[in-house]
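One structure below.
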Amino acid sequence: MKKIPWLSLALLMLTYTTLGWVLFAVPWYTLLLTLALILLLAEILASPFSNVRKGLIYSLSTDTRAFILAISVAFFTALLVIWIHIVVHALVVIAAGLLARLDLLTAGFRDSQAFWILSVFSMAGFGLGWAAHYYVPILV
């Protein structure tokens, strides 16, 4: 029987709870985009490292692709510095996801199991944060 890393999964859920709390007042289509990005991040974290390595090797195989990649990275770095208040939330979410994925990998979970565990805990945390922002003022 595999040992489930409850502490890192609780941290992941708490991180997504704060994200749900922060994104309470956004339009519905932004919430749908956020949910899609949550699933995309869970898939990226659960994918084998060999797929990531193949993508990097493919993007750096010619000088033109390497130049376009370098210009793109410079552009997105400038955007990250300009929108630091948004980037901080994203970095915390990515760091919590990486920690949970590392613990799931250490515990011996397969990639598909890791994807479902990350997805469920992320979505539950996001929904809990959104609902808490909605229901807490009613209860007080």
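The values are calculated or read from the model by the stated rules, or taken from the named source; none is laboratory data. Here the structure is a predicted model, which is why all the values come from computation and not from measurement. FYI the Cβ positions are ideal-geometry reconstructions off the backbone, even for glycines, and counts take in every protein chain you see. Ligands, DNA and RNA are excluded from the accessible area calculation, which covers all protein heavy atoms including side chains. Shrake-Rupley method; radii C 1.70, N 1.55, O 1.52, S 1.80 Å.
How long is the gain from TYR134 to ILE82 if the chain were fully straight, where each residue apart is worth 0.36 nm and the alpha carbon distance is subtracted?
Length gained, TYR134 through ILE82: 15.7 nm.
Heads up, I need the accessible area for MET123: 1.4 angstrom probe, whole protein in place, Å², nearest 10.
Result for MET123: roughly 60 Å² accessible.
Between the helical axis of 49-59 and the dominant principal axis of the chain, each derived from Cα atoms, what acute angle in degrees is found, rounded to the nearest 10?
Relative to the chain, helix 49-59 is tipped by roughly 50 degrees.
At R0 = 41 Å, how high is the FRET efficiency between ILE4 and ALA70 if r is their beta carbon distance? Nearest 0.05 is fine.
The computed FRET efficiency comes out at 0.50.
For helix 111-139, what angle does its Cα long axis make with the longest principal axis of the chain, in degrees from 0 to 90 and rounded to 10?
Its long axis makes an angle of about 40 degrees.
Mind checking which of LEU23, ALA70, LEU45 is farthest towards the positive end of the chain's charge dipole, using Cβ charges of +1 (Lys, Arg) and -1 (Asp, Glu) about the Cα centre?
Positive-end residue among those listed: LEU45.
Angle between the Cα long axis of helix 84-107 and the longest principal axis of the chain, 0 to 90 degrees, nearest 10?
Compared with the principal axis, the helix lies near 90 degrees.
Magnitude of the Cβ-charge dipole of the chain, K/R +1 and D/E -1, about the Cα centre, nearest 20 debye?
Roughly 280 debye, rounded to the nearest 20.
If contacts are Cα pairs under 8 angstrom and at least 6 residues apart, what is the relative contact order of the chain in percent?
On the way: 103 pairs, mean separation 83.8, N = 140.
Dividing the mean separation by the residue count of the chain yields 60 percent.
What Kirkwood radius, in Å to one decimal, follows from the Cα pairs of the chain?
16.8
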